[in-house]
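The values are calculated or read from the model by the stated rules, or taken from the named source; none is laboratory data. Values in this document were obtained by computation on a predicted structure and should not be read as measured data. So basically every Cβ, Gly included, is an ideal-geometry build from the backbone, and we count neighbours across all protein chains shown.
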């Protein structure tokens, strides 16, 4: 495990040290994979897109601003790739079951089990949203972009971004309420 | 009392309202339990959403990425065509320049070592003679035996050079700067 700061690893990667870039991948892969999974809802596809995000980031390392942190940048790269994928191949139905909860319920303390169940309800509700709304929630809540940054990323007017985000939240709240009342 | 809209509540939570509107919303929320309740519902939703744990990754992507980066990147399609065009042009240049090559190197067969040695000693002797006759030195451009006008030949040579530079310049571009 290399303890060098991200900045040093990026400088070494720019000089062609692929191992240094590998260390950056190790540090950020979980977050990048989860961006892809939240947007695509399919594990294998999310892994493929996460790989593509890193490959693309490597080719663009020269344009990366070393004064900024690496993680938000690579997450944005991943989100953009997923956006392109979603616009090229809109998902028809999200497959959830096998990906969601893998823990053995008998081994889980009750409180943790309940917490996990709730998390999975949210994840399922999120993946059931139309891709456009899913993207709005991803950029605002997980990547913490401002409305203006979202509009820039999505190449949409500010009013559309706000409207998508509010509708997404409303739809998510309704889905979760229905889930809870079942 | 007019209640706050969902949009306003959303923007309030996102701290996206103008300072004056934010202050108005805050004072309204302090006085209106119904709006405060709706705000709290949105807040809970945001908290739950953001607290959602990351899903575990089944494989370590780092070795896969490092291996992929170690492989030569695929050349873009246009570069493959350029390489083919380079080869074709080199062949054409060779065909056109064959007479010139024959004029400069008039040997019919590959030279033997003894012939090369004799040629080399002959060259040395010729150079010594040339040095002794420097004051009277005059240079005459050898006739290549080609029928091509000089401009056409120059254009051909420049084009081939440019093609070579463009092709090899792109081929030698570092992998990190090429599109995968």
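Pairing each residue of the stretch A:152-177 that is more than 13 Å from every other protein chain (Cβ to nearest Cβ) with any residue that is assigned to a loop (DSSP other than H, G, I, E, B), provided the two are 6+ apart or on different chains, yields C-beta distances under 9 Å for A:152/A:145; A:153/A:143; A:153/A:145. What residue, among those in the stretch A:103-118 that are touching a helix residue (DSSP H, G or I) at 6+ places or on another chain (Cβ under 8 Å) and in a helix (DSSP H, G or I), is modelled with the lowest pLDDT? My answer is A:105.
Considering A:140, A:123, A:134, which residue is more than 9 Å from every other protein chain (Cβ to nearest Cβ) and either assigned to a helix (DSSP H, G or I) or buried (at least 17 other Cβ atoms within 10 Å of the Cβ) (or both)? The match here is A:134. The set of residues in the stretch A:1-57 that are within 23 Å of residue A:129 (Cα to Cα), in contact (Cβ under 8 Å) with a residue 60 or more places away in the chain and more than 9 Å from chain B (Cβ to nearest Cβ) comprises A:35, A:39, A:41.
Among the residues of the stretch A:78-97, those identified as at pLDDT below 70 and under 13 Å from residue A:46 (Cβ atoms) are A:91, A:94, A:95, A:96.
For the stretch B:142-163, the count of residues that are out of contact with any strand residue (DSSP E or B) (no Cβ under 6 Å at 6 or more places or on another chain), within 30 Å of residue A:62 (Cα to Cα), surrounded by 11 or more Cβ atoms within 10 Å (Cβ to Cβ) and modelled with pLDDT under 80 is nonzero. Kindly indicate whether residue B:19 is away from chain A (no Cβ under 14 Å), more than 52 Å from the chain's Cα centre (by Cα) and farther than 30 Å from residue A:30 by Cα. Spelling it out, it is not the case that residue B:19 is away from chain A (no Cβ under 14 Å), more than 52 Å from the chain's Cα centre (by Cα) and farther than 30 Å from residue A:30 by Cα. Only one of the listed residues (B:103, B:36, B:90, B:62) is in a helix (DSSP H, G or I), more than 9 Å from chain A (Cβ to nearest Cβ) and either surrounded by fewer than 12 Cβ atoms within 10 Å (Cβ to Cβ) or under 25 Å from the mean Cα position of the chain (by Cα) (or both). That residue is B:90.
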